[in-house]
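A.B. asks: A single structure is presented below for examination.
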Amino acid sequence: MFIYYIKLACLSLWQTRSLSFLAVLIIGVGISATMTTYTINYMMTKDPLPAKSERVFLVRLNNWSPEASYRNRAEERPPTYISVQDSLNLMTQNKAKGHIPIAGFKDMLKLPEQSAIDAEVSVVRATTRDFFSTFDVPFLYGSSWPQSSDTTGEQVVVISKALNLSLFSGENSIGRTLMLGENQFTVVGVLDDWHLLPRFYGDSMRAFQPPREIFVPFQTQINLELWTSNLQSYECWKEPENASVAALWSSECIWVFFWVELASADNKSEYLDFLDSYVREQQALGRFQRPILNQLQTGADYLQERRAYSRDSEIAVWLAGCFLALCLLNAMSIIMTKFQGKTAEVALRRAVGASSADLVQQYALETGIIGLLGGMLGLVLTQVCLYVSSQLYTHLSKDIMNMSMALMLATVILSIVSSLIFGLLPILRAIGVQPAEQLKSL
């Protein structure tokens, strides 16, 4: 009977193809508007590291000026950055599974054989090899630098797939060299496409932008005294002893994001105890003159505090949902018109023994097919809208404008289910026909 009902539904759709097409089009437009806004909002607010989010934390130490005043203790928040000396100290203590300082600098990038006029300004991300394992960074060629590079500050570099294509025509560039300013670096790894979103590990303003294209060891930046004052925010409650970069490294100036990966979520309190002990030791040396207020903050909490998520996207999703409901109401009216034209057919089927359940099954199947076609059309329109959005908002990562397979499946299911719900009234009205009255008019 199911195959028979499919044949009847297809025949009915063809007989009323104008109304059917209009219903499919209206549903498709409503589904597209909803899923476009939902996809963008979902990609911007989803958990980027679901398997690790409960054990990857931003370390925040209360290194504000002792003269800073607050109305009450609840208002006081430790800064999001820590100093270079604290970063090095925490890595030396080695109390976490992974230590990920996030720093950087600008320099002129070129190949050794190129002239200075061909060099371009590039932003370099300075971190440790733990960055790549903690944030599940995929590699196209090679791998991250060895542990010794983090310790000694070797001049090695990991570059992005796009930069490898630009500099080396996409070939395996492991062992090749490039110049950053006056310093020569050896390529040890090339990243593959990396879809971590939002990129919570750095400045919240870059949470939805592509990653940096060049990565070097944090210790290398320290050794070579590479510093760009206008690249990132930094604060100094106590000025460095002199204007040298080395003095900046040993000062109370804070500008390094410092993330840790713990072995498990249960180690959080233990690591906080370690931080408290560390700060007390530093206080004995005259540092950290404010109350101990250390924190371990998740990436989601950090982005929420920095207001990286806009409420506008959530409002847009609700408005799109209202638009979908309006489209479905219009589609319901069209389906009702379709079924009203079938009163004679319903009466005849009822007269030859078809039950209400049979008729509900037949018309629900027809409505479901309309929903399926509307969902498929909506999926196509959604992909078009996401592509157009990626071209308009070029400052955002194109990964935000991509639907996962789960979202694609949800799009079609949403269309079918919502069509069946809004098609329930037309179906009930259609099967409520009194056979005797209709048969008299035949």
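What follows draws every value from the coordinates through simple rules; no lab data is involved. Here the structure is a predicted model, which means the values were calculated and not measured. Here Cβ is always computed from backbone atoms with ideal geometry, including for glycine, and neighbour counts include all displayed protein chains.
A.B. asks: Hey, what number do you get for the chain at 222 nm if only DSSP H runs of n ≥ 4 count, each worth -39500 (n - 2.57), divided across all residues, to the nearest 500?
C.D. replies: -15500 deg cm²/dmol
A.B. asks: Here is a further query. Can you tally the lysine pairs in the chain where the Cα-Cα distance is under 22 Å and the two residues are eight or more apart, or on different chains?
C.D. replies: Lysine pairs meeting the criterion: 13.
A.B. asks: To the nearest 0.05, what FRET efficiency results for Asn172 and Leu326 with a Förster distance of 51 Å applied to their C-beta separation? Walk me through the numbers before you get to the answer.
C.D. replies: Values: r = 55 Å, r/R0 = 1.07.
Computed FRET efficiency for Asn172 and Leu326: 0.40.
A.B. asks: Using unit Cβ charges (K, R positive; D, E negative) and no other charged atoms, how large, in debye to the nearest 20, is the dipole of the chain about its Cα centre?
C.D. replies: Here the size comes out at about 2000 debye.
A.B. asks: Taking the simple approach of a point 7 Å from Cα along Cα-to-Cβ for both Gln184 and Ser133, what is their distance in nm?
C.D. replies: With each label point 7 Å from Cα toward Cβ, the separation is 3.1 nm.
A.B. asks: Relative to the longest principal axis of the C-alpha atoms of the chain, give the angle of the C-alpha long axis of helix 405-422, reported between 0 and 90° and rounded to the nearest 10°.
C.D. replies: Its long axis makes an angle of about 30 degrees.
A.B. asks: Amide H of Leu111: which non-local residues (sequence gap of 5 or more, or other chain) have their own amide H closer than 5 Å, using H built in the peptide plane?
C.D. replies: Here Met179 satisfy the definition.
A.B. asks: Continuing with the same structure: Could you calculate the contour length gain from Leu165 to Ala51, that is, 0.36 nm times the residue separation minus the distance between their Cα atoms, to one decimal place in nm? Display every interim value, and only then the final one.
C.D. replies: Values: separation 114, 0.36 × 114 = 41.04 nm, distance 3.14 nm.
Additional length available on full extension: 37.9 nm.
A.B. asks: Give the cysteines in the chain for which no other Cys Cβ lies under 4.7 Å away, or write none if there are none.
C.D. replies: Here Cys10, Cys322, Cys327, Cys385 come out as lacking a disulfide-compatible partner, given the Cβ-Cβ threshold of under 4.7 Å.
A.B. asks: Based on the Cβ-Cβ distance of Leu11 and Val360, what FRET efficiency does E = 1/(1 + (r/R0)^6) give at R0 = 30 Å, to the nearest 0.05?
C.D. replies: Result of the calculation: an efficiency of 0.95.
A.B. asks: Nearest 0.05, what FRET efficiency do Asp193 and Ser264 give at R0 = 35 Å with Cβ-Cβ as r?
C.D. replies: That pair, Asp193 with Ser264, gives E of 0.75.
A.B. asks: How large is the charge dipole for the range 205-340, taken about the Cα centre, if only the Cβ atoms of Lys, Arg (+1) and Asp, Glu (-1) carry charge, to the nearest 20 debye?
C.D. replies: Dipole magnitude for the range 205-340 comes out near 620 debye.
A.B. asks: Another question about this same structure. How far, in nm, would the chain grow between Lys238 and Lys97 when pulled straight, counting 0.36 nm per residue and subtracting the alpha carbon separation?
C.D. replies: 47.6 nm
A.B. asks: Continuing with this model, one more query. Treat the count of other C-beta atoms within 10 Å as a stand-in for reagent exposure and order Arg55, Arg290, Arg17 from fewest to most.
C.D. replies: Arg17, Arg290, Arg55
A.B. asks: State, to one decimal in nm, how far the label point of Arg287 lies from the label point of Asn402, with both points 7 Å from Cα in the Cβ direction.
C.D. replies: 4.1 nm
A.B. asks: Taking 0.36 nm per residue of sequence separation and subtracting the Cα-Cα distance, how much length would be gained by fully extending the chain between Gln85 and Met336, in nm to one decimal?
C.D. replies: 83.1 nm
A.B. asks: I've got another one for you. Residues with amide H under 5 Å of Ala126's amide H, sequence separation 5 or more or different chain, H placed in the peptide plane at 1.01 Å from N; which?
C.D. replies: Placed amide hydrogens put Ala103, Gly104, Phe105, Val216 under 5 Å from Ala126.
A.B. asks: Using just the Cα positions, wrap the chain in a convex hull and report its mean projected area in square nanometres, one decimal place. Write out the running numbers ahead of the final one.
C.D. replies: Working: hull surface 117.7 nm².
For the Cα atoms of the chain, the hull's average projected area reads 29.4 nm².
A.B. asks: Glu120 versus Leu231, label points 7 Å from Cα toward the beta carbon: distance in nm?
C.D. replies: In this crude label model, Glu120 to Leu231 measures out at 1.7 nm.
A.B. asks: Over all directions, average the projected area of the Cα convex hull of the range 56-305 and note it in nm².
C.D. replies: That works out to 14.0 nm², a quarter of the Cα hull's surface.
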